[in-house]
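The values are calculated or read from the model by the stated rules, or taken from the named source; none is laboratory data. Everything quoted here is computed from the prediction, not taken from an experiment. FYI the Cβ positions are ideal-geometry reconstructions off the backbone, even for glycines, and counts take in every protein chain you see. Just the protein is used for accessible areas: all its heavy atoms, side chains included, with ligands, DNA and RNA removed. Shrake-Rupley method; radii C 1.70, N 1.55, O 1.52, S 1.80 Å.
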Amino acid sequence: MKTFFRLSALVRPWFWWMALAALTAFAATGSGIGLLLTAAWLIAKAALQPPLAALQIGIVGVRFFGIARGVLRYFERLIAHNTTFKILANLRLWFYDAIEPLAPARLMQFKSADLLQRIVDDIGSLENIYTRVLAPPVTAILTSLLMWFLLGFWSRDAALLLLLFHLLAGIGIPLLSTLLSRGNSSGILRQQALQQVLAVDFAMGVGELQLTGNIQKHLDLLEAAEREKLRLERKNALGDGMHEALTGLLMNGAVIAVLSAVMPLVESGQTSGIALSIVTLAVMASFEAILPLPASARHLEADIHAGKRLFEILDAAPEVITPDDPRAIPEEMTIEARNLSFTYPGSSIQALDKVSFTIPQGSHTAIVGPSGSGKSTLTSLLMRFWNCSEGELSLGGENINRFHPEELRRHISLVSQKTYIFATTIRENLLLAKPEATEAQIASALQSAGLGHFQSRLDEFTGQHGMQLSGGERQRIAIARAMLQDAPIVILDEATANLDPLTEVEIIRAMEEFTQNKTLITITHRLQAMEHYNTIIVLKNGHIAEQGTHKELLSRKGVYCRMNMLSRIAKTS
Amino acid sequence: MNRDRRLFGLIRENRTPFVLSFLSGALAGLMMIGQAFSLSTAINAAFILHKPLSALKEPIALFALFSVIRMLLTWAGHTEANRGTLQIRKKIFSRLAATVARRGPLLARSMQSGKLSLTMQKGVGALDAYFSQFVPQLFLAVAIPVLILIAVFPTDLISGIILLVTAPLIPVFMALIGKRAGALTDRQWESLSRMSGYFLDMLQGMTTLKIFARSRIQHDAIREAGENFRAATMKVLKIAFLSSLTLELVGTIGTALIAVGIGVRLLSGSMAFQSALFVLILTPDFYLPLRQLGQKFHAGMEGESAAKDIFAILEDESPEPRNGTATPERKSVQSLPISYLNVSYSYPRSSTQALKAATCCIPAGTTTAIIGPSGSGKSTLLSMILRFADPDSGTISIGTDPLESFSIEAWQKLISWVPQHPFLFNETLRENILMANPEASLEELQRAIVFSGLEGVAAGLPQGLDTPIGEEGARLSGGEAQRVALARAFIKDSPILVLDEPTSHTDPELEASLSASIKTLMENRTTIIIAHRLETVRNAGHIIMLQDGAVMHSGTHEEMVRINPFYQKALAAGEDQPS
């Protein structure tokens, strides 16, 4: 229930639009009732053979209602769709604004594209909350009221009886079908999730399955999951078929009930016999408004599910909070870590354990160490993706928590190994780093990143996840972006690991030139050109194993010296 | 309306439930006419004939009886249509899965990532509405109006003619507008999915947006995109909805025409009240199934577009894998060389040849390194040995037996495969290794784990070897996945080993220990390895150099150094950079 209220709060800004759409829908249904009602009046009256003039009003009535119904339906559709699109656009914005502060720390578990896709699907299913969940009951209630007044004109009993049948069809049947299918929907969802996992495993791992002789076994599992899903869906469908049939039965029951309430009145002469045909047709027409209600109930259930999942994500507290009174970034930008420790939530191992170092402004530092030694965690802390668990990280003597996180990030260019390329043009992807960049600046950044030939391809689309480009090209775009951003601090996190050796040499040279007067932090496991760095920090298992220049570390004959030897052996044997 | 014949073919295959559903629908239509008749009789008796209430019991009871039978028939119609639909879905799903199993990884690779599993998962489900709603409605939209016409014509000729004239208008309009509306809805769906694709893109790239401090500003871009989408779609819908307006008007104006016509004839006394009421009650029901068909039109279109994806996989034009019957003997496989003779291959829907008349020999019991720039056909060469693809022309034989003479399954039993990006299944680490040899003893498993350097990895997982890994479980890194693949190869212990050498993604210390393991694994096996590291190439007994799908040179390292300038150049690039 709480989820429902939170969801309806989201659509409240469109209350008047929704009200307008609901009223138009009601007017259209009302015209449908009016059409049949006047038609019935017309023939009943005509059967009494009055002068033609007496029928005029009926003739005008059927024409009017006939046209009104179509036209009103048209406008109702337009208004409802317009409202739906507005709601959908707003839901996306709302979700984006809510999730933005949570990224990336609280979204770690959503690494997989499938999970994000599920979120987008959830939002998509909420778009119908108005047309499918909120609007039908409103129209139904208004129609019920209209019929109450219409029938009440002849007989209070008839009005009461019809109301009873409306309630049975509008509330009783949805309740019944919810009861019958209880647990079914969640069972289907469970089977779907299981089947999705199996289908992905099957489609992606079919080579491994063939080679290990497991293909038949997996095929059987997959089909068993499909069978179970279909079995549950069949149960659901039985219920669905039942409620449509039952609603039809209730409509006919209502006709009989209302007729038996009105007939004695006709027999006793209290009411004209004309009423008989009028109420019959009006009662039949009124059920049009009741028919969509069982589906409404089902959509409500699905929407609440989707809403719950979304709120679950959004209710997480953000990792990083912008200070109330952010300090300006100082001119002098020495980076200093004091007893820095960090543990990822849910992990028992410290990613960083009391790490201390100083990186003076304009110096070049390499951070090396095996994978899992905590190198990239350092970047995440410096970028304020996470907060340090203990100790302090400062920039120009000021704790980095005191700055506005966005302001801080503007002063750091980061090229990481995992580059994300947006599905837009190459130019848009570059401008992300500096929206106001000139053509000349773009050209020179591309040139330095070894992408000079992209100059003429700037307006080409990169495709989903930049798939139109090769891995090396994507990486070089990331490098060009960093160059465009032109921040005083540059972090290269395994930035050239995916490039072929020849390109790598070229890019490293361009980077050296580019970072001449900047603070450079290179994170790498490949020991190349190490003597160019002022300081090398060797990380192992979250703490600093060694620290010094290339020469110092070699002469120490420790971890670094061993790594250096191994990497040379791997190259030349 | 150009309905997909292949979908109707599926109905023909599962005829019974659909025939039963149609039959129930038609009978329910008859009941509906019975209801109209008994109801008009009752009202006529009370209103015109002024009969006492007791005399009305019979027609009202009849009306109730017809109602109940109609309800049961409607329900039966639903249930049968649903039964047939589920039969079709089950069949299609099995066929899809079997196709994927038979075609192997090349099929998955030829499609957009995730598209294959999505089609299996959601595409088959999207057929549901088509068969359970659209198809029965299509039948009812013909059957019910015809039944009503048969009932109305003898009762009142003029009303019958009005119905007959207006009824075809609806399908004609639908056909006229349907095509256009179809194109419009297609466009609308396309832009809808583009819009949600855009949004997904923003969510996935959120970290990158943050790096450039652009994540909050992106709010405006998303709003603008949403607004543009709404405006564009509404423009389309304004026209698209005109079609349904026309449909609606044909129905309501038809009703009005009949009512007025009947009224005038009643007035002149040329018609009885009961017939008039009978016709009037049936009139809305005459147009209703046609209108409902319009509402289910969308379900129909969605089903057809889903069917397109499904049939694209089922009717894939690439040739069937050539599956022989012979079982290769482990012993002979161990000692016989594998030879490629004029082997050519092009990937489906690709105009360039991935292999061009490649001829080479892979000696038994030693390591053959395959080198060449990316796109030169290295993995294609491996796919052939793995039997993921068959040559378009030329033959691959082991000794003198062509590979095609063997059963694919039996042949694959003799090969281990360590790909560049091994796939980890959504199972425990133990199951992921043991899948290569379920009969392996605990001891063998332990040795495989030690051998592939997975001890540390297993120890670091919350439930050790029994921790679920893969998509939903703990995620292993690329290097760790490769070690799982090595463990699989070790435990399978097959005479042929096919490797795509891991590029240096891990750190040197680990790399050194891994390549030592690989070296042990290669001993005394016929090994084919796509080599990235110089050391591997130097240690190989035989080297094949590919360029543009053709074998440029082959021989030992020393031979290649001596005669091949390209090889020399490639060597130079791999040397340590000047420092």
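What is the residue count in region A:485-541 for residues that are open to solvent by 30 Å² or more (accessible area, probe 1.4 Å) and charged (D, E, K, R)?
9
Has region A:469-481 got any residue that is modelled with pLDDT under 85, more than 25 Å from A:Ile359 (Cβ to Cβ), more than 13 Å from chain B (Cβ to nearest Cβ) and touching a helix residue (DSSP H, G or I) at 6+ places or on another chain (Cβ under 9 Å)?
The answer is yes; a qualifying residue exists.
Which ones in region B:110-128 are within 11 Å of chain A (Cβ to nearest Cβ) and part of a helix (DSSP H, G or I)? Spell out how you get there, then give the answer.
Filtering region B:110-128 for residues within 11 Å of chain A (Cβ to nearest Cβ) gives B:111-125, B:128.
Those that are within 11 Å of chain A (Cβ to nearest Cβ) and part of a helix (DSSP H, G or I): B:Lys115, B:Leu116, B:Ser117, B:Leu118, B:Thr119, B:Met120, B:Gln121, B:Lys122, B:Gly123, B:Val124, B:Gly125, B:Asp128.
Here is a check on your reading of the model: is A:Leu250 open to solvent by 20 Å² or more (accessible area, probe 1.4 Å), under 19 Å from A:Leu163 (Cα atoms), more than 9 Å from chain B (Cβ to nearest Cβ) and in contact (Cβ under 8 Å) with a residue 24 or more places away in the chain? So that I can check it myself, show each step before the final result.
Values: open to solvent by 20 Å² or more (accessible area, probe 1.4 Å): yes; under 19 Å from A:Leu163 (Cα atoms): yes; more than 9 Å from chain B (Cβ to nearest Cβ): yes; in contact (Cβ under 8 Å) with a residue 24 or more places away in the chain: yes.
Answer is yes for this residue.
Would you check which residues across region B:95-109 are more than 9 Å from every other protein chain (Cβ to nearest Cβ) and closer than 14 Å to B:Gln121 by Cα and list them?
B:Arg95, B:Leu96
Here is a list: B:Arg83, B:Arg102, B:Arg89, B:Arg95. Which entry is over 23 Å from A:Ala254 (Cβ atoms), open to solvent by 70 Å² or more (accessible area, probe 1.4 Å), out of contact with any Pro (no Cβ under 7 Å at 6 or more places or on another chain) and in a helix (DSSP H, G or I)? Please lay out each step first, then the result.
Details: B:Arg83 fails: out of contact with any Pro (no Cβ under 7 Å at 6 or more places or on another chain); B:Arg102 fails: out of contact with any Pro (no Cβ under 7 Å at 6 or more places or on another chain); B:Arg89 fails: open to solvent by 70 Å² or more (accessible area, probe 1.4 Å).
It is B:Arg95.
Only one of these is more than 7 Å from every other protein chain (Cβ to nearest Cβ), outside any helix (DSSP H, G or I) and over 19 Å from B:Pro145 (Cα atoms): B:Ser215, B:Ser243, B:Ser270. Name it.
On the way: B:Ser215 fails: more than 7 Å from every other protein chain (Cβ to nearest Cβ); B:Ser243 fails: outside any helix (DSSP H, G or I).
Of B:Ser215, B:Ser243, B:Ser270, the one residue that is more than 7 Å from every other protein chain (Cβ to nearest Cβ), outside any helix (DSSP H, G or I) and over 19 Å from B:Pro145 (Cα atoms) is B:Ser270.
Of the residues A:Ala440, A:Ala449, which single one is open to solvent by 40 Å² or more (accessible area, probe 1.4 Å) and either assigned by the TED database to the domain that holds A:Asn517 or under 15 Å from A:Met483 (Cα atoms) (or both)?
Values: A:Ala449 fails: open to solvent by 40 Å² or more (accessible area, probe 1.4 Å).
Checking each option against the conditions leaves just A:Ala440.
Let me confirm something: among B:Leu56, B:Leu39, B:Leu72, which residue is at the interface with chain A (Cβ under 8 Å from one of its Cβ atoms), part of a helix (DSSP H, G or I), touching a residue at least 60 places away in the same chain (Cβ under 8 Å) and in contact with a helix residue (DSSP H, G or I) (Cβ under 8 Å, 6 or more places away or on another chain)? So that I can check it myself, show each step before the final result.
Values: B:Leu56 fails: touching a residue at least 60 places away in the same chain (Cβ under 8 Å); B:Leu72 fails: touching a residue at least 60 places away in the same chain (Cβ under 8 Å).
Result: B:Leu39 is the single residue among B:Leu56, B:Leu39, B:Leu72 that is at the interface with chain A (Cβ under 8 Å from one of its Cβ atoms), part of a helix (DSSP H, G or I), touching a residue at least 60 places away in the same chain (Cβ under 8 Å) and in contact with a helix residue (DSSP H, G or I) (Cβ under 8 Å, 6 or more places away or on another chain).
Take region A:396-436 and flag every residue that is surrounded by fewer than 20 Cβ atoms within 10 Å (Cβ to Cβ) and polar (S, T, N, Q).
A:Asn399, A:Asn401, A:Gln417, A:Thr424, A:Thr425 - these are the residues of region A:396-436 that are surrounded by fewer than 20 Cβ atoms within 10 Å (Cβ to Cβ) and polar (S, T, N, Q).
Among (1) at pLDDT 90 or above; (2) crowded, with 20+ Cβ neighbours inside 10 Å, where does B:Leu290 come up short?
Every listed condition holds for B:Leu290 apart from (1).
Restricting to region B:510-550, name every residue that is outside any helix (DSSP H, G or I) and under 17 Å from B:Gly478 (Cβ atoms).
To start, the set of residues in region B:510-550 that are outside any helix (DSSP H, G or I) comprises B:523-533, B:540-550.
Hits for region B:510-550 are B:Ile530, B:His532, B:Arg533.
Assigned to a helix (DSSP H, G or I), surrounded by fewer than 22 Cβ atoms within 10 Å (Cβ to Cβ) and within 29 Å of the chain's Cα centre (by Cα) - does that describe any residue in region A:54-70?
No, there is no match, as no residue in region A:54-70 is assigned to a helix (DSSP H, G or I), surrounded by fewer than 22 Cβ atoms within 10 Å (Cβ to Cβ) and within 29 Å of the chain's Cα centre (by Cα).
Mind checking which residues of region A:239-288 are within 18 Å of B:Ala45 (Cβ to Cβ), among the β-branched types (Val, Ile, Thr) and in a helix (DSSP H, G or I)?
A:Val255, A:Ile256, A:Val258, A:Val262, A:Val266, A:Ile274, A:Ile278, A:Val279, A:Thr280
Among the listed residues A:Glu531, A:Glu513, A:Glu504, A:Glu546, which satisfies the condition of being assigned by the TED database to the domain that holds A:Glu428, modelled with pLDDT under 90 and either part of a strand (DSSP E or B) or farther than 24 Å from A:Met565 by Cβ (or both)? I'd like the intermediate steps shown before the answer.
Values: A:Glu531 fails: either part of a strand (DSSP E or B) or farther than 24 Å from A:Met565 by Cβ (or both); A:Glu504 fails: either part of a strand (DSSP E or B) or farther than 24 Å from A:Met565 by Cβ (or both); A:Glu546 fails: modelled with pLDDT under 90.
Just a single option satisfies the conditions, and that option is A:Glu513.
Could you check region B:347-362 and list, in sequence order, the residues that are open to solvent by 30 Å² or more (accessible area, probe 1.4 Å) and either at pLDDT below 90 or of a type in the set (A, V, I, L, M, F, W, C) (or both)? Even if it seems obvious, please write down each step before you answer.
Taking region B:347-362 first, the residues open to solvent by 30 Å² or more (accessible area, probe 1.4 Å) are B:347-353, B:356-357, B:359, B:361.
Scanning region B:347-362 gives B:Tyr347, B:Pro348, B:Arg349, B:Ser350, B:Ser351, B:Thr352, B:Gln353, B:Ala357, B:Cys361.
Spot the failing condition for A:Leu88; the list is (1) out of contact with any helix residue (DSSP H, G or I) (no Cβ under 6 Å at 6 or more places or on another chain); (2) closer than 30 Å to A:Val197 by Cα; (3) surrounded by fewer than 22 Cβ atoms within 10 Å (Cβ to Cβ), and only one is missed.
Condition not satisfied by A:Leu88: (3).
Which residues, counting only those in region A:537-555, are free of Cβ contacts under 8 Å to residues at least 40 places away in the same chain and either among the small types (Gly, Ala, Ser) or closer than 18 Å to A:Glu336 by Cβ (or both)? Outline the logic, then answer.
Applying the first criterion (free of Cβ contacts under 8 Å to residues at least 40 places away in the same chain) to region A:537-555 yields A:546, A:548-555.
Answer for region A:537-555, where residues must be free of Cβ contacts under 8 Å to residues at least 40 places away in the same chain and either among the small types (Gly, Ala, Ser) or closer than 18 Å to A:Glu336 by Cβ (or both): A:Gly548, A:Ser555.
Would you mind listing the helices (runs of 4 or more DSSP H) fully within region B:376-475 where at least 2 residues are surrounded by 18 or more Cβ atoms within 10 Å (Cβ to Cβ) and in contact with a strand residue (DSSP E or B) (Cβ under 9 Å, 6 or more places away or on another chain)?
Helices (runs of 4 or more DSSP H) meeting the threshold: B:378-386, B:429-434.
When B:Ile258 is evaluated against the numbered criteria (1) more than 25 Å from A:Ala28 (Cα to Cα); (2) open to solvent by less than 10 Å² (accessible area, probe 1.4 Å), which criterion, by number, is the only one it fails?
(1)
Kindly state which strands (runs of 3 or more DSSP E) lie completely within region A:343-459 and contain at least 2 residues that are under 29 Å from B:Leu203 (Cα atoms) and of a type in the set (A, V, I, L, M). Talk me through it step by step, then tell me what you get.
On the way: elements: A:352-359, A:364-368, A:390-395, A:412-415.
The strands (runs of 3 or more DSSP E) meeting that bar are A:412-415.
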